[in-house]
Every structure is written in structure tokens, then in C-alpha cells.
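Since the structure comes first, as C-alpha cells, the remarks are kept for the end.
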Amino acid sequence: MYRKQVRRRRAVLALLVVGSFVLLTITYGQGSDGVQRGVSTIFSPVQSVADRALKPARDLVNWFDKTFDARGKESRLQGELEVARKQAVGVKAALAENAELRKLVQLDRSGAIPSGYQPATGRVIARSPSIWFADVTIDVGSGDGAKVGDPVVNGDGLVGTVAAVTSGSSQVALIADNSSAVSAKVLPAGVQGVVKPNVGDPGDLILDFIDSAKHVHRSQAVVTSGWRGEEIDSGFPPNIPIGEVSRAPLEEQEAQQQVHVRPYADLRNLDLVQVLTGGWRE
Amino acid sequence: MILTPKMTARLIAVVLLAVILQLSFFSQVALFHTSPDVLPAVVVSLGLLGGTMTGAVSGFAIGFLLDCLLVQPLGGGSLVLLTTGYLAGMFRERFEIHSPLVPPLLCMVLTLFAELGFGALALMLGIDSAVSTLVVRDTLIKSIFAFFLGWPIYLGLRRLLRPALVEEPVRPRAGRRPSVLGA
């Protein structure tokens, strides 16, 4: 009797292990989309309700974290404020000039969203617990016009790209996810490169493959380059803010052709985001 | 663990609730820049209460659901969490749990194991980017969170599944003394 029980246990365990490997094999044969989409479709309304219900509790816990964090940042921000005040004068002049130019070329006055794109606003309803996968689920789906590959932004800048879509929700691979790569350029230098993640640290991205002959400096802005070729193009429209250069040691630029970028968007605490639907791929 | 239809329904509810709470709450809060991961602690508690089979099956189910909802490679989460649940169940079947510190300590150790497992799996499946050393800090802090969250999770699950537990006699409530008729 006992032996039979042990044998049955071993059989169940073997079945589960083999099942896991079969699922992994199916995933890499690109055959698991239907299952995942089905489960996501069933659970996304529940997740949406849970997300809204748990928001006050989440905000309370995050308040503690932010308070601890703010204490450390205060002195550094004082210094940065001084610099920013001086720069603001120049920025005001540039804004006035920019407004004139926008009128001339009849661009969207806000300039936040490139022409041709229609933003669909959504809320983050779930997030990956593993630091190895920087993914979030949002409550915007194919019913709102979202498609795989659509860029996702928030008020601060680029957040990621849509990786999978169901009717009521989408999976967003953040720019800190290990699968992410965004073609970008540094302003005003115009140095081109690819923004890649530093897995495990969503506050530090790497602008890779830059031209080592042109030097990039700290605090320079990094935006999407949005290049277009005959056969292939970047998935992102041009000039969406990504972040600013946080570290740019000369030896790293020359030896490894890379600098470090701090994303404008707080990828750890995302709430409202916009999926840029439509655009030039339509 | 004696699995009646009612108990099976409770276990399914625990699995679903744990995954939804993890994705909608725990993954979205940060303390010391790290989000707690309660799923390994839930699997460990179920393994400690129900044995190897309960631990392995619930680990597989939680991992599968997680991978489906996050559109991650299917099977990875299942493999890691079923191993975690199996190890917790094996501990329960081979050793007596004498100290109340055992469940949280085991939650901590096996959360560390699960996080290392997730990392190893991600690296084996291929990461074409640099990996920050902050991964180590995140893994360690997640394990410490598991120590503190493991105890309430274990107690809550034990209370919920008590009717099905084989070696868990129902204790009389404190303050209520046995009375004899006519005394």
C-alpha cells in the first residue's frame, strides 16, 4: 500500500516536471500565445477590480518607501535646483522660438504625441514579481486599438512597448525588460545608439553602440531616434524623451562605446500610461 | 492532507487569490526599492501543511498562472515553484516542526532558492543585456521580506486548511474550560 502511494507520488512529480519542460518547449516553438491570451482575457477584469480596490493600501506602503527615499535626495536636489534655475532662462527663450516654429510647420501644439498617433490611456493593473522580467499589464487592449509593438509612454517619457494584446488588456515590456532595445539619439549632440536595460536596475539604462569619436556628457537628454528605412524602421516615433545621461566616463565611451542613462519615467511606480496607437505603421 | 472537494476548492481559491494579490498589490509596492514576492512563501506554507504532493501541485499551478498572466515563457515559473513546494513538503515529511521559527525560516530560505531559480532560468533562456549587481540585493531583500511575511501566511493557511490536516488536532479555545454537568 505504502509503496503504491510512493510510486503514485513519483509519477505525479515526474508528470509535473515533464509538463513544465513541455510548456517551455511549446513557448519557444511560439505555440503558447493562445493559452496565455485566454487566461489573460479571463483574469484581466478580476485584476482590474483588484487593482482599484487595493490602490489605497498600495499608496500607503509606497508612501513609506518614498519618504525614506526623499530624505536622501533632498540635499542633492537643492544643488540641482540652482543649476535648473539658471537653465530655465535659456529654456524659456527656446520655448518661444519652438512655438513659432511649430506654428510654421503646423505641428501639434502640445508636441507630446507625434502626429498620426492616437493615445489610448490606461492604468497598470498587474506587475511581474520577478526582477528578471520588467513587464506590466495595463487595461488597454485590442478593443481600444492597441497592437503588438505600439509604443507606451507616460507623462515623463517612454515606458516600453506592447508585447502581447488581448481584447481588454495588454502586456507591456518596459524599457528595463531584458528583451528591450530602443534606437535613440543624444540631444543636442545627435549621437545615435541603442538604449538597452541593465537587468535588475530599472533606474539605470545603457546607451550602447555609440560613436566613440563623439563625446557624450552628463545631463544630456536622450530621445527616441525614430529612424525609417525602406524595408525596416524603428518601432518608435522620433523625439519621445527616454531619459538623461547619468554617467558618461570617457574610458567607457571609448572602450565599450556606451554611457549610462537614467530614465525620466519612474519604472518602479507606474500608474497611468498611454499606448500610442496608429502611427506610420498603419 | 485529506483532500475533500471542499478542501480542493479552498486550495484553488488560495492559489487564485495569491496570484492576483501578488500581481495587483505586492508587485506594485516597494520597500527599500524592492517588491515582496509572496508566492514562494505561499507554496512553502502549502508544502509544509500538505506535504510533497500538495506543495508540488500548488507550485506548478501558481507558476503556470503567473506565466500565463504575465506572458512570460510558459513552464519556467512552474518548474521553479513546483521544486520549491516539493522541497518544503519533503522537509515536512522528514522532520518534525518543533519551533515556530521553522516556517518563516524555511519561507526565507526557499524564497531565496526560488529567486535564484528564476534568475538561473532567465539566464539559461538567454538575456542579451547587462545584468546589474542590484539583482543580488533584490534577491536578498525579497528573502528577508519572506521571513516576515511567511509566518502570517503559514498561520492563515493552517487555519484555513485545518479540517484537512492529518496531524493537526483542534485545540480548545483559550479561556473556555471543560465543565461537568452537575458540578
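The values are calculated or read from the model by the stated rules, or taken from the named source; none is laboratory data. None of these values were measured; they are calculated from a predicted model. Heads up, the Cβs are rebuilt from the backbone with ideal geometry, glycines too, and the neighbour counts pull from every protein chain shown.
Give me a count of the residues in region B:126-149 that are part of a helix (DSSP H, G or I) and surrounded by fewer than 20 Cβ atoms within 10 Å (Cβ to Cβ).
Within region B:126-149, residues that are part of a helix (DSSP H, G or I) and surrounded by fewer than 20 Cβ atoms within 10 Å (Cβ to Cβ) number 9.
I'm trying to understand the selection: among the residues of region A:177-220, which are within 12 Å of A:Val261 (Cα to Cα), more than 12 Å from chain B (Cβ to nearest Cβ) and assigned to a loop (DSSP other than H, G, I, E, B)?
Passing the criteria: A:Val216, A:His217, A:Arg218, A:Ser219, A:Gln220.
Suppose we filter region B:1-24 for residues that are surrounded by fewer than 17 Cβ atoms within 10 Å (Cβ to Cβ), assigned to a helix (DSSP H, G or I) and not basic (Lys, Arg); how many remain?
8
Looking for something assigned by TED's automatic domain parsing to the domain that holds A:Leu207 and under 27 Å from B:Leu140 (Cβ atoms) - is there at least one such residue anywhere in region A:146-159? I'd like the intermediate steps shown before the answer.
At the first step, the residues of region A:146-159 found to be assigned by TED's automatic domain parsing to the domain that holds A:Leu207 are A:146-159.
Those still in the list that are under 27 Å from B:Leu140 (Cβ atoms) too: none.
Checked against the condition, which is being assigned by TED's automatic domain parsing to the domain that holds A:Leu207 and under 27 Å from B:Leu140 (Cβ atoms), region A:146-159 yields no hits at all.
May I ask you to say which residue of B:Thr139, B:Thr133, B:Thr111, B:Thr84 is modelled with pLDDT of 90 or more, more than 7 Å from chain A (Cβ to nearest Cβ) and under 30 Å from A:Val194 (Cα atoms)?
Numbers: B:Thr133 fails: modelled with pLDDT of 90 or more; B:Thr111 fails: under 30 Å from A:Val194 (Cα atoms); B:Thr84 fails: under 30 Å from A:Val194 (Cα atoms).
The match here is B:Thr139.
Determine whether region A:136-146 contains at least one residue that is within 13 Å of another protein chain (Cβ to nearest Cβ), surrounded by fewer than 24 Cβ atoms within 10 Å (Cβ to Cβ), under 24 Å from B:Ala122 (Cβ atoms) and not basic (Lys, Arg).
Checked region A:136-146: no residue is within 13 Å of another protein chain (Cβ to nearest Cβ), surrounded by fewer than 24 Cβ atoms within 10 Å (Cβ to Cβ), under 24 Å from B:Ala122 (Cβ atoms) and not basic (Lys, Arg).
Only one residue in A:Val199, A:Val216 is farther than 26 Å from A:Phe133 by Cβ, buried (at least 17 other Cβ atoms within 10 Å of the Cβ) and at pLDDT below 90, so which one is that?
Going through A:Val199, A:Val216 in turn, just one is farther than 26 Å from A:Phe133 by Cβ, buried (at least 17 other Cβ atoms within 10 Å of the Cβ) and at pLDDT below 90: A:Val216.
Assess whether A:Ala50 counts as being of a type in the set (Gly, Ala, Ser) and either assigned by TED's automatic domain parsing to the domain that holds A:Val140 or at pLDDT 80 or above (or both).
It is true that A:Ala50 is of a type in the set (Gly, Ala, Ser) and either assigned by TED's automatic domain parsing to the domain that holds A:Val140 or at pLDDT 80 or above (or both).
Answer with yes or no whether A:Thr25 is surrounded by 11 or more Cβ atoms within 10 Å (Cβ to Cβ) and either touching a residue at least 12 places away in the same chain (Cβ under 8 Å) or touching a strand residue (DSSP E or B) at 6+ places or on another chain (Cβ under 8 Å) (or both).
no
Please work out which residue is farthest from the chain's Cα centre (by Cα), limiting yourself to region B:25-71 and to residues that are crowded, with 23+ Cβ neighbours inside 10 Å, in a loop (DSSP other than H, G, I, E, B) and facing another protein chain (nearest Cβ under 7 Å).
The selected residue is B:Val71.
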